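Below is one structure; the comments refer to it alone.
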Amino acid sequence: MRNLSLLTDLYEFSMANGFQQDLPATNATFDVFYRRVPDQGSFVIAAGLQQVVDAVRDFHFTTSDITYFRELGLWSDAFLTSLSQFQFNCQLRAVPEGTPVFPREPLLTVTGPIAQAQLLETLVLNILNHQSLIATKARRLTYAAAGRPIMEFGARRAQGPDSATYGTRAAVIGGATSTSNVQAGKQFNVPVAGTMAHSWIEAFPDELTAFRRWAHYYPDNSALLVDTYDVLNSGIPNAITVFKELRQAGHEPVGIRIDSGDVAVLAEHARKMLDDAGFPAAKITISNALDEAIITSLLQQGAPIDNFGIGEKLITSASAPVLSGVYKLAATEIDGQLTPKIKVSASREKLTLPGKKQVYRLYHAGTRRAFADLIALETETIMGTSTLAVYNSDPLSLNHQQRLQNFDVEPLLMPVVPSDFDQRSVQQIQADSQGRLAELPAATQRLVNPDSYPVYITTDLYQLQTELVAKAVVHAN
Ligand SMILES: Nc1ncnc2c1ncn2[C@@H]1O[C@H](COP(=O)(O)OP(=O)(O)OP(=O)(O)O)[C@@H](O)[C@H]1O
Ligand SMILES: O=P(O)(O)OC[C@H]1O[C@H](OP(=O)(O)OP(=O)(O)O)[C@H](O)[C@@H]1O
Ligand SMILES: O=C(O)c1cccnc1
């Protein structure tokens with residue numbers, strides 16, 4: 001476990017130093033949320049909470065860190081002494097990893113001494129923004145693959161070792177079934193899988209010999225790469241020769257991988273050749289810069305593909321490489337006296353939701369069919385039995401009151417106690433995530449122009465926001 005406590009922006013320390021002197025008795029609540037969904041999707045898959053918990057559990061500063069801080073000469077001695085004795089003292093609430101979350105709803109809240117809570121901003125966002133981005137991309141690819149397994153192949157193209165390892169974790173949360181990344185396989189106990197590279201074929205005098213040697217070493221795991229020379233005239237015929245030899249020796253071949261050319265046309269020919277040769281169960285794996293649009297197109301073309309191997313476009317979320325989750329002050333508290341806070345900026349999109357809040361998923365009464373989310377003040381009691389007056393949470397929308405009734409509610413933000421965090425396996429998180437997705441309307445899940453899913457705020461929250469905006473405008477004048 002690495003200590004990540006210095007992985008932050010300088011200004012977090014500078015603010016914490018000042019907060020500690022000016023506001024020593026102030027507690028703060030910060031919300032993590034995002035405003036826009038990558039790839040014009042309608043939701044993000046929350047991921048990375050486990051690593052946030054790991055990081056805060058181990059949050060401390062070494063003697064060498066403190067010496068470095070002293071050399072910078074920016075912060076008070078009292079602050080540096082408090083850092084050397086750092087005890088994590090914030091409360092966390094979060095949606096479980098794998099939960100689909102919508103714009104503006106907090107997926108993590110941090111409440112604690114303002115200096116401490118501020119210090120966490122950069123690291124928390126670094127972890128959650130990365131993993132949630134990749135989990136969301138993996139969910140899109142999984143949706144496009146329509147039940148066919150996805151092997152994560154991205155380690156060589158990821159932006160550095162951490163993006164490969166934690167990106168793989170996130171990819172599995174979002175639906176990938178296995179990975180070629182051995183470190184991630186070991187660290188997160190996810191299935192590892194793989195075929196072979198072109199170098200294996202090129203290294204032998206001919207393709208048939210290369211396939212035979214592979215089959216010799218891996219008789220029960222023989223997925224042969226057939227596109228080094230000529231897929232239809234050499235790769236598949238040679239693979240079939242070796243498959244027959246394997247079968248005679250009592251082994252069933254796994255299949256082939258095609259990594260170039262028109263993969264729909266090649267897969268169709270390959271399927272016929274394998275079937276005609278008596279290998280209908282041999283699987284066809286496709287790779288080569290695949291993304292959700294190509295996968296959708298290949299399946300529309302009727303390509304008989306069994307598995308997808310996906311690297312660069314998944315591990316870097318190439319088409320939408322940033323999730324701009326933010327960490328915003330929502331309230332301060334002194335001696336139990338809560339003061340809600342708001343950010344009002346020239347861009348109305350950036351208006352924040354003040355106060356300590358809870359997020360609820362709303363279901364049609366008696367079902368698990370979700371139809372909207374609701375953000376409420378933590379002090380409100382939300383019940384689906386009476387009529388509830390709500391507003392759209394989007395500050396850009398033309399807002400008018402709407403009425404909801406006959407629904408069941410489920411709070412999404414749950415307390416997270418770092419010392420007692422219930423570690424679910426990555427596969428368990430994936431399964432739970434898929435259960436959560438099944439609750440959402442189908443139209444919200446489609447890849448192209450998904451229906452936007454309503455995220456409401458309560459009337460009390462709407463009024464508080466309106467009131468604080470008016471006050472902020474008066475202050476500004
Ligand atoms: N039938 C198809 N429909 C849609 N996209 C396809 C189809 N066949 C291949 N592709 C995709 O088109 C892109 C380009 O394929 P192409 O074989 O030209 O790749 P390449 O990178 O030039 O080949 P190589 O890997 O041999 O260098 C890849 O992303 C590939 O997955
Ligand atoms: O295309 P991706 O989705 O990232 O999938 C991983 C790629 O990695 C390998 O390529 P390799 O490094 O051998 O390069 P090449 O196939 O482009 O020559 C493999 O053959 C895939 O094409
Ligand atoms: O095992 C494979 O086939 C593989 C692994 C990484 C990248 N490309 C392919």
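The values are calculated or read from the model by the stated rules, or taken from the named source; none is laboratory data. In this text, all values refer to a predicted model and were calculated from it rather than measured experimentally. Here Cβ is always computed from backbone atoms with ideal geometry, including for glycine, and neighbour counts include all displayed protein chains. In case anyone asks, the SASA skips ligands and DNA or RNA and just uses the protein heavy atoms, side chains included. Shrake-Rupley method; radii C 1.70, N 1.55, O 1.52, S 1.80 Å.
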The stretch 137-315: Rg/Rh from Cα coordinates, Kirkwood Rh? 0.97
Using θ = phi - 60° and the Karplus form 6.51 cos²θ - 1.76 cosθ + 1.60, what ³J(HN,Hα) does each residue of the stretch 19-30 get, whole Hz, x for Gly and Pro? 4, 5, 7, 8, 10, x, 9, 9, 9, 10, 10, 10
Over the Cα atoms of the stretch 44-150, what Rg and Dmax result, in angstrom? 18.0, 59
So for Tyr143, Tyr229, what's the accessible-area order with a 1.4 Å probe, most first? Tyr229, Tyr143
Using the crude model of +1 on Lys and Arg Cβ and -1 on Asp and Glu Cβ, and no other charge, please compute the dipole size for the stretch 231-322 relative to its Cα centre, in debye to 20. 180
Given the protein chains as shown and a 1.4 Å probe, how many square angstrom of Asp9 are accessible, to the nearest 10? 70
Under a 5 Å amide H to amide H cut-off, with H placed in plane at 1.01 Å, what residues pair with Leu224 once short-range neighbours are removed? Gly255, Ile256, Arg257
Any idea what the alpha-carbon Rg over 2.2 N^0.38 Å comes to for the stretch 158-225? 1.37
Accessible surface of the chain [probe 1.4 Å, protein heavy atoms]: carbon and sulfur percent: 52
Which of Ser433, Ser199 is most accessible, then next, and so on - probe 1.4 Å: Ser199, Ser433
For the stretch 240-310, what is the Kirkwood estimate of the hydrodynamic radius, computed as the reciprocal of the mean inverse distance between distinct Cα atoms, to one decimal in Å? 12.7
Step through the table entries Lys186/Lys328; Lys137/Lys328; Lys186/Lys283; Lys137/Lys357; Lys137/Lys341; Lys137/Lys186, compare each Cα-Cα distance with 30 Å, and write down the pairs that go over it. Lys186/Lys328; Lys137/Lys341
Give me the Å³ per residue figure for the convex hull around the C-alpha atoms of the stretch 357-477. 175
Ranking Ser163, Gly302, Trp200 by how far each Cα lies towards the positive end of the charge dipole of the stretch 137-315 (+1 on Lys and Arg Cβ, -1 on Asp and Glu Cβ), the top one is Ser163
Two-site label geometry, His364 and Glu410: point separation in nm, points 7 Å out along Cα→Cβ: 1.6
For the stretch 1-65, shape from the Cα gyration tensor axes a ≥ b ≥ c, cut at a/c of 1.5 then a/b versus b/c, turns out oblate
Per the Kirkwood treatment, what hydrodynamic radius in Å, one decimal, follows for the stretch 261-412 from the mean inverse distance over all distinct Cα pairs? 20.8
Using 0.36 nm per residue of separation minus the Cα-Cα distance, give me the extension gain between Gln159 and Asp460 in nm, one decimal. 103.9 nm
Note to self, the chain gives a 222 nm [θ] from helices alone (DSSP H runs n ≥ 4, -39500 (n - 2.57) apiece, / all residues, nearest 500) of -11500 deg cm²/dmol
Collect residues whose amide H, placed 1.01 Å from N in the peptide plane, falls under 5 Å from the amide H of Gln91; neighbours closer than 5 in sequence don't count. Thr111, Gly112
If you place +1 on the Cβ of every Lys and Arg, -1 on the Cβ of every Asp and Glu, and leave all else neutral, what size is the dipole of the chain about its Cα centre, to the nearest 20 Debye? 520
Checked against the positive end of the charge dipole of the chain (+1 on Cβ of Lys and Arg, -1 on Cβ of Asp and Glu, about the Cα centre), the farthest of Leu128, Leu266, Thr241 is Leu266
Can you give the Kirkwood hydrodynamic radius of the chain from its Cα pairs, in Å with one decimal? 24.9
For the stretch 276-351, report the % of Cα-Cα distances exceeding 18 Å. 66
